[in-house]
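The values are calculated or read from the model by the stated rules, or taken from the named source; none is laboratory data. Computed from a predicted structure; not experimentally measured. Ideal geometry is used to build each Cβ from the backbone, glycine not excepted, and the neighbour counts take in all protein chains shown.
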2 protein chains.
Amino acid sequence: MLPGPTNVPNRVMRAMLAPIINHRSDDFVELYSDVVDKTQQVFQTQNDIVALSASGTGAVEAGVINLIKKDDKVIIPVNGEFSNRLSQLIAGQGANVIKLETPPGQNATFDQVKEAFDNNKDIKAFYVVHNETSTGTMVNYLDKVSDLTSRNDSFYVVDSVSLLGGTELPVDKWNIDVCMTGAQKAIAAPPGISPISVSPKAKKYMIENPPPTMYFNLARYFHYYEESKHTPFTPALPLLYAYREALEIILEEGLESVFKRHKTCSDALYSGLSAIGLTPFAKEEDRSISIVALNYLEGLQDKIFRDTLAKKFKVLVAGGFGDLKGKVFRVGCMGEVSPYHVMRTISAISSTLAMMGYDTDAQAGLKTAEEKLKDL
Amino acid sequence: MLPGPTNVPNRVMRAMLAPIINHRSDDFVELYSDVVDKTQQVFQTQNDIVALSASGTGAVEAGVINLIKKDDKVIIPVNGEFSNRLSQLIAGQGANVIKLETPPGQNATFDQVKEAFDNNKDIKAFYVVHNETSTGTMVNYLDKVSDLTSRNDSFYVVDSVSLLGGTELPVDKWNIDVCMTGAQKAIAAPPGISPISVSPKAKKYMIENPPPTMYFNLARYFHYYEESKHTPFTPALPLLYAYREALEIILEEGLESVFKRHKTCSDALYSGLSAIGLTPFAKEEDRSISIVALNYLEGLQDKIFRDTLAKKFKVLVAGGFGDLKGKVFRVGCMGEVSPYHVMRTISAISSTLAMMGYDTDAQAGLKTAEEKLKDL
């Protein structure tokens, strides 16, 4: 139940055992074209796709350095470790970063974003972290942002590393120019492949203004793909096979059903864990459906709690990040998450709390969760 | 018999099936510390190691952007696709690049390198591609370069992506500041992990002068490793397990034995394939021991030859790169390469040539190779 890397189904793990092929062969063309096609289906886009052999941060960096140049004006909401990293990356290019800062656990509102656009008519791009893994918040107004970016034809970039594949994010319908994710979160593949989608407008810009880099120069990937459906550099082949299999599993289940399963499981986790006496960290309307962050009870020791949960019940959850270390713990709710995972996690957490001397109402927690899970 | 990715032993493939762990856990500390330790043994160094989740080009890029700044003066021999890419990367940082260009298949001599140092006393770094995969050449004087770089304390950087682990390259003994390789060549792991070693002098420079990047900012990796033996970003876990297993296999066999096996097998391939009537592309003294590049016989069609070899005999070799497309083919001789691979490859190539109507002396080829292989 980690907030990524998540459990990987056996079918996906086994896909890695395909023999190592020549990445300049027809076999590779078949594999990579299929990866691109299935990624487009999950991203709900016709845009170009590049599946980078790197972790999510690699795709995020590619989404910045291919678009942002010195003195460009960029708006970005910041309320946690990953949005902070993204804003550092943008600032690192010499850009003029307008940060919309809110306390951890709380998002900038759409009105605040709109106000920033009203006050900065010359912005080049709007960047946003869809799901802030460090605090368990999720932005709920991504569908409305292109009304703002379309005003001056600025770029709309979404870092959905820890959520894409787990909730509605129709890239074309919402006019997202660049969208990045990682294979090891809601897609439930092993870490190491990070796909990115690029709109025709952003692609044109990237080709005309290549960055002083090679590995993350997306123009190079477009060129190789158009010429031969190859990648410019030797890709992480076993991980590409696994990633393709994970996409196939999502498409077999159907996007609507996958999204509903994520939503229902997180509803059940929030309400079930609240019923046993825990409180969610994030503000109610901003709560993530893939990362359930919870405040520690008074006096509860992070390390002892998580070690007990892991050793006695084999349930892994993550601690807090940065300033929130020791104050919250985070339960991943993505990928192959199911009612079984939800019930077992609530049961194991309440048992661990009981073992540590806390009075918890396990029955209330399990009943509440079961009620929510009826929707599935 | 590809020039990378190479065959991966089953033991290494199966290592990828280890369950996905938390990359912020004690289990990960154990895995990654072991990866670092074994990499140091194969690099023959006490220097810091970073195992990047990226292909070889990623490590090469890291070896450039962390050291080279605008207007730095850099010497680099260039004689093929990969040395050309490296020089482009260096030039991309705004450096003043002194290219020692030689025709493909032929290296700059040590005297030419020495002359360049004599004429440029203010150089910041010397970069060299150890083994030029595109043409099958290998530089034989890496042991002597530090006599030159030590004159003005410049940096000595070796891109050994397609050879490290297959031949003698003692990083500490030869005073190499930064050395990069890829897991999918002589180390015989799947592609996607690329280790890099960094000397204390280079490390100090990198920490004091971080590049405007995140994913390839090595200072960030040093910091995480020192603090917790973690990596800053989610690593490609299954590939790290595989890479560790591949290093373990090399260390079990022993470096000396691995190097001798590579040398003997490539000697046998060069002499055996010459005996059946083919000619090596590279100049004799510059020939690579991991990539055997051969000229096509008059009228021999690249695609038909390689397709026949692959379909009838299941032996995969690579075509030429760039300008050499259709003119040469390349046989990989690395990783788990053995007398069996050598004999089978010579047999399959001579049979394919015979099927295509060429008069070849298979018997001479096999006898010559067998003679060489007696050394093993």
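Candidates in region A:225-236 are the residues that are more than 12 Å from chain B (Cβ to nearest Cβ) and within 27 Å of the chain's Cα centre (by Cα); of these, the one that is surrounded by the most Cβ atoms within 10 Å (Cβ to Cβ) is A:Tyr225. Restricting attention to region B:126-158, the residues that are within 24 Å of B:Ile289 (Cβ to Cβ) and in contact (Cβ under 8 Å) with a residue 60 or more places away in the chain total 12. Of the candidates B:Ala108, B:Ala62, the single residue that is aliphatic (A, V, I, L, M) and touching a residue at least 40 places away in the same chain (Cβ under 8 Å) is B:Ala62.
Of all residues in region B:28-56, those that are more than 8 Å from chain A (Cβ to nearest Cβ) and either part of a loop (DSSP other than H, G, I, E, B) or at pLDDT below 95 (or both) total 4. Can you tell me which residue among B:Asp302, B:Asp307 is out of contact with any Phe, Trp or Tyr (no Cβ under 8 Å at 6 or more places or on another chain) and without any contact (Cβ under 8 Å) to a residue 40 or more places away in the chain? None of the other options fit; the residue is B:Asp307. Condition (residue is in a loop (DSSP other than H, G, I, E, B), modelled with pLDDT under 95, out of contact with any strand residue (DSSP E or B) (no Cβ under 8 Å at 6 or more places or on another chain) and farther than 28 Å from A:His341 by Cα) applied to region A:7-17: is it met by at least one residue? No - not one qualifying residue is present in region A:7-17. Apart from one condition, A:Ala116 fits all of (1) closer than 30 Å to B:Arg306 by Cβ; (2) out of contact with any helix residue (DSSP H, G or I) (no Cβ under 6 Å at 6 or more places or on another chain); the exception is (1).
Could you go through region B:336-351 and let me know if any residue there is free of Cβ contacts under 8 Å to residues at least 60 places away in the same chain, over 30 Å from B:Glu256 (Cα atoms) and either surrounded by fewer than 21 Cβ atoms within 10 Å (Cβ to Cβ) or out of contact with any Phe, Trp or Tyr (no Cβ under 8 Å at 6 or more places or on another chain) (or both). The answer is yes, given that some residue of region B:336-351 is free of Cβ contacts under 8 Å to residues at least 60 places away in the same chain, over 30 Å from B:Glu256 (Cα atoms) and either surrounded by fewer than 21 Cβ atoms within 10 Å (Cβ to Cβ) or out of contact with any Phe, Trp or Tyr (no Cβ under 8 Å at 6 or more places or on another chain) (or both). What are the residues in region B:3-12 that are surrounded by fewer than 22 Cβ atoms within 10 Å (Cβ to Cβ) and either at the interface with chain A (Cβ under 7 Å from one of its Cβ atoms) or within 24 Å of A:Ser25 (Cα to Cα) (or both), if any? Answer for region B:3-12, where residues must be surrounded by fewer than 22 Cβ atoms within 10 Å (Cβ to Cβ) and either at the interface with chain A (Cβ under 7 Å from one of its Cβ atoms) or within 24 Å of A:Ser25 (Cα to Cα) (or both): B:Asn7, B:Pro9, B:Asn10. When every residue of region B:153-161 is checked against the conditions, at least one turns out to be assigned by TED's automatic domain parsing to the domain that holds B:Phe82, over 30 Å from B:Asn7 (Cβ atoms) and part of a strand (DSSP E or B). In region A:209-218, the condition of being buried (at least 24 other Cβ atoms within 10 Å of the Cβ), within 14 Å of chain B (Cβ to nearest Cβ), more than 20 Å from B:Leu240 (Cα to Cα) and under 18 Å from the mean Cα position of the chain (by Cα) is met by no residue. Among what's in region A:57-83 and is among the β-branched types (Val, Ile, Thr) and away from chain B (no Cβ under 14 Å), pick the residue that is farthest from A:His130 (Cα to Cα). Of everything passing the filter in region A:57-83, A:Val74 is farthest from A:His130 (Cα to Cα). So, A:Tyr215, is that one farther than 25 Å from A:Cys333 by Cβ, outside any helix (DSSP H, G or I) and in contact with a Pro (Cβ under 9 Å, 6 or more places away or on another chain) or not? Answer is yes for this residue. Taken residue by residue, region A:246-265 has at least one member that is surrounded by 24 or more Cβ atoms within 10 Å (Cβ to Cβ), within 14 Å of chain B (Cβ to nearest Cβ) and either at pLDDT 95 or above or at negative phi (or both).
A search for C-beta distances below 7 Å between a residue of region A:21-44 that is over 17 Å from A:Val161 (Cα atoms) and not assigned by TED's automatic domain parsing to the domain that holds A:Thr231 and any residue that is part of a helix (DSSP H, G or I) and at pLDDT below 95, counting only pairs 6+ apart in sequence or on different chains, returns nothing.
When B:Ala202 is tested against (1) among the small types (Gly, Ala, Ser); (2) within 14 Å of another protein chain (Cβ to nearest Cβ); (3) closer than 12 Å to B:Ala62 by Cβ, just one condition goes unmet, and that condition is (2). The numbered conditions (1) in contact with a Leu (Cβ under 8 Å, 6 or more places away or on another chain); (2) in contact (Cβ under 8 Å) with a residue 40 or more places away in the chain; (3) surrounded by fewer than 18 Cβ atoms within 10 Å (Cβ to Cβ) are all true for B:Lys312 except (1). Scanning region A:85-101 for residues that are of a type in the set (S, T, N, Q) and either within 14 Å of another protein chain (Cβ to nearest Cβ) or under 20 Å from the mean Cα position of the chain (by Cα) (or both) yields A:Ser87, A:Gln88, A:Gln93.
Looking at region A:293-311, can you tell me whether even one residue there is at pLDDT below 95, closer than 21 Å to A:Ser162 by Cβ and in contact with a Lys or Arg (Cβ under 6 Å, 6 or more places away or on another chain)? Within region A:293-311 (the criterion being at pLDDT below 95, closer than 21 Å to A:Ser162 by Cβ and in contact with a Lys or Arg (Cβ under 6 Å, 6 or more places away or on another chain)), the answer is no, since none of the residues qualifies. The number of residues in region A:67-109 that are in a helix (DSSP H, G or I), touching a helix residue (DSSP H, G or I) at 6+ places or on another chain (Cβ under 6 Å) and surrounded by fewer than 20 Cβ atoms within 10 Å (Cβ to Cβ) comes to 1. Residue check: is B:Ala54 surrounded by fewer than 24 Cβ atoms within 10 Å (Cβ to Cβ) and of a type in the set (A, V, I, L, M)? Here the answer is no, as B:Ala54 does not meet what is asked.
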